[in-house]
Amino acid sequence: MKRRKMAALLMAAIMTMGLVTGCGTGSTESGTANKENSSSANISSESKGTGSSTTANESKKTTGGSGKVLVVYYSATGNTKAVAESIADATGGDTFEIEPKEPYTNDDLNWTDDNSRVSKEHDDESLRDVELKTTTVKNWESYDTVFIGYPIWWYVAAWPVNTFVKNNDFSGKTVIPFCTSASSGIADSGQLLADMAGTGDWQDGERFSSGASESEVADWVKELGYAK
Ligand SMILES: Cc1cc2nc3c(=O)[nH]c(=O)nc-3n(C[C@H](O)[C@H](O)[C@H](O)COP(=O)(O)O)c2cc1C
């Protein structure tokens, strides 16, 4: 059996497990993107992705927060934006949207098309250095805690976030990753970003389903000790 076909079967199994265990979302995605030959989304991170939202919950540190909060996020289709806004509401924090200079169209995001922008970027990591409108946040130094959110793309953080992370100094800041996905867990996506950043006190993150409710997000913020 060809590798791509095997990978597709594996993903179908993951999606089914997600639905059975309640990790699935019933979101509008008809399935979860799946590609072979990813250097960062290899088999081991794929299996970590399976149901690892539970793992993230279990190992999460309760940080407790004081000081100013910034919620940075990238969102291609609005799901992560909604979660980011709920976090900002619950914490009383500010938001900053990561915006690619060339926004992703629906065609660009079509992971089932081998020739789409995301597919090409996925297959060739050198194409993932997405240029952003800006990486500069006004009064960046004034923030003590940065929540950073992204959709999961092939088991890792959507790569426009990489550019933001590589171009900012997180020294002295607590950083809390969060993501939305159809069914995959947050896995080691936050750790990969922490490695790229090289600075900041990065915490275990949290995964939300694509259609997460405001109260679900508010409960998490409260649990962390960041509710205003
Ligand atoms: C290119 C691409 C790859 C994706 N890969 C995954 C994946 O590996 N696992 C998963 O559960 N969902 C995957 N999804 C679904 C998104 O993570 C999910 O729809 C997310 O909530 C989108 O967030 P946004 O609306 O903020 O862009 C993928 C979506 C796209 C467009």
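Using a 1.4 Å probe over the heavy atoms of the protein chains, calculate the carbon and sulfur portion of the accessible area of the stretch 82-170 as a whole percent. Can you show the working numbers first?
Working: 1630 of 4070 Å².
Taking all protein chains in place, the stretch 82-170 shows 40 percent carbon and sulfur surface.
If you count Lys pairs in the stretch 58-206 whose Cα atoms are under 16 Å apart, skipping same-chain pairs closer than 8 places in sequence, the total is 6. Multiplying each eigenvalue of the alpha-carbon gyration tensor of the stretch 121-228 by 5 and taking the square root yields semi-axes of 22, 20, 12 Å, largest first, rounded to whole angstroms. The residues of the stretch 173-228 have, on average, 37 Å² of accessible surface per residue, using a 1.4 Å probe with all protein chains present.
The values are calculated or read from the model by the stated rules, or taken from the named source; none is laboratory data. Fair warning: this is a prediction, and the values are worked out from it, not measured in the lab. When the accessible area is computed, the model is the full protein with side chains, heavy atoms only, and any ligands, DNA or RNA have been set aside. Shrake-Rupley method; radii C 1.70, N 1.55, O 1.52, S 1.80 Å.
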